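All of the numbers you see were taken from the coordinates with simple rules; none came from a lab. Computed from a predicted model, the values in this text were never measured in an experiment. Positions of Cβ are backbone-derived with ideal geometry, glycine not excepted, and every protein chain shown enters the neighbour counts.
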Number of protein chains: 2
Amino acid sequence: MTDLLKKNIALNIALNDDEFKRFIKPFRVATVQKKEYLLREGEVCNFEAFVNKGCFKVYHLDDKGVEQVVYFAAENWWITDIDSFIHQTPSQLSIQALENSEILLIQKADKEKLYEDMPKVEKLFRIMTQKTHVALQRRMIDTLSKTADQRYLEFLHRYPEIASRLTNIQIAAYLGVSHEFVSKIRKKLSHS
Amino acid sequence: MTDLLKKNIALNIALNDDEFKRFIKPFRVATVQKKEYLLREGEVCNFEAFVNKGCFKVYHLDDKGVEQVVYFAAENWWITDIDSFIHQTPSQLSIQALENSEILLIQKADKEKLYEDMPKVEKLFRIMTQKTHVALQRRMIDTLSKTADQRYLEFLHRYPEIASRLTNIQIAAYLGVSHEFVSKIRKKLSHS
């Protein structure tokens, strides 16, 4: 149940078995059905979760009611709205399962306690937040400076495992184009 | 010289005078002339810097040679390309002074040493990276889901001190529109 998380953490810091036991204690396992919401826009986000199995989309609804996907998260990713989580303000984001999923979930108060009890956890989340920030910075640069064709290819290249599990509509909501456009690119690529 | 940085840090963690002295030791002061580059696209970013005075733009040149500003940084902001800094790969970003500026600069190796010598510094940069991430997430959501008019107003609202120091061309490079468009919005707002 916690093997994937253990490996994920080992990429960033070294915890011995006892330390990992203390770290994992406040987490609880939750199953999330396809289409179920972990967070809805307007709610305050009190959790952070590690995806053990499945896939989620983290998105914002614009004024026209169009879904703008900020990121997808499959196995080995963490999900939260860090803005709402830190400031305890209503979230601008919704988090919805795209598949039947399993997550390991920690509440804000428990996470704060972990920081106090285990200073190593500071390092862990410092490094992980840096990585998340790098991913978002790359997405920002792509969004500002690349065509939809280029961004589609970039997405396939960076996240091949996630891309293959998504529909054209879902990828379109990430690229900010119509799903007809994604179908067209996919067709063009399959012929080239 | 280091008063502003001291106050900036105090927002995130408590350091006593001795600890602050140890923290500040590896930093060096540098003056940067208007238009001078701290980092050019393609170089590896080995530093992180705190802006003591002045203003910088952090931008990416797209395939057409158009500047896409990822963020502006004035007093109290930190500048680096975190992607290049962490992975030691060529930067996708350039960092240029928009005014005569003064920064406090720390090299990568010295920062790593600080993490080892002062565990509190882990907490400091964990919290600061979270804040930077929140700012970028807000920018991403705005870019995906708002009109240029709305994004202009949002920018004025969030960063009034910075906005008032920028030209229409600079703001246009942040919003991803022409500077004529920014002039038009500014005129429209001054008449409303």
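Data for the structure
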| read-out | value |
| --- | --- |
| Label spacing, shortest first and in nm, from B:Thr147 to its equivalents in the remaining copies (7 angstrom along Cα→Cβ) | 2.8 |
| Residue-averaged [θ]222 nm for chain A, counting only DSSP H segments that reach four residues, each worth -39500 (n - 2.57) | -14500 deg cm²/dmol |
| For A:Lys53, A:Lys146, order by how many other beta-carbon atoms lie within 10 Å, fewest first | A:Lys53, A:Lys146 |
| Long pairs among A:Lys108/B:Lys131; A:Lys25/A:Lys123; A:Lys34/B:Lys123; B:Lys64/B:Lys131; A:Lys35/A:Lys146, criterion Cα-Cα beyond 27 Å | A:Lys34/B:Lys123; B:Lys64/B:Lys131; A:Lys35/A:Lys146 |
| B:Lys53 long-range amide H proximity, modeled H, under 5 Å | B:Glu102 |
| Number of partner chain Cβ atoms within 10 Å, mean per residue of A:142-149 | 5 |
| 0 to 90° range, to nearest 10: angle between helix B:120-145 axis and chain B longest Cα axis | 10 |
| Exposure proxy ranking, count of Cβ atoms within 10 Å, fewest first, for B:His179, A:His157 | A:His157, B:His179 |
| Options B:Trp78, A:Ile86, A:Ile141, ranked by Cα towards positive dipole end of the protein assembly as shown, top entry (Cβ charges) | A:Ile141 |
| In Hz, Karplus ³J(HN,Hα) per residue of the range A:177-189 (6.51, -1.76, 1.60; θ = phi - 60°; x = Gly, Pro) | 10, 6, 6, 4, 5, 5, 4, 5, 4, 4, 5, 4, 5 |
| Taking chain B and dividing mean pair separation by its residue count, relative contact order in percent (alpha carbons under 8 Å, at least six apart) | 24 |
| Pairwise label distance in nanometres, A:Leu156 with A:Glu43, each label 7 Å out on the Cα-Cβ vector | 3.6 |
| Calculated diffusion of the range A:51-125, Stokes-Einstein form, Kirkwood radius summed over Cα pairs, 20 °C and 1.002 mPa s, µm²/s | 154 |
| Max mean-square fluctuation residue, GNM over chain B, Cα-Cα springs under 10 Å, options B:Tyr159, B:Tyr174, B:Tyr71 | B:Tyr159 |
| If the convex hull is drawn through the Cα atoms of chain B, its volume per residue in Å³ | 125 |
| The protein assembly as shown, dipole about Cα centre (Lys/Arg Cβ +1, Asp/Glu Cβ -1), debye to the nearest 20 | 480 |
| Low-density loop cleavage sites - GluC sites (Glu not before Pro) in the range A:50-115, where at most 15 other Cβ are within 10 Å (DSSP) | A:Glu99 |
| Taking the convex hull of Cα positions in the range B:3-117, its mean projected area over all directions (nm²) | 7.3 |
| Rg over Rh, two decimals, the protein assembly as shown (C-alpha only, Kirkwood Rh) | 0.96 |
| Copies compared at A:Lys53 - label distances in nm, ascending, label defined 7 Å from Cα in the Cβ direction | 6.1 |
| Dipole magnitude (debye, nearest 20) for chain A, charges at Cβ of Lys, Arg, Asp, Glu | 580 |
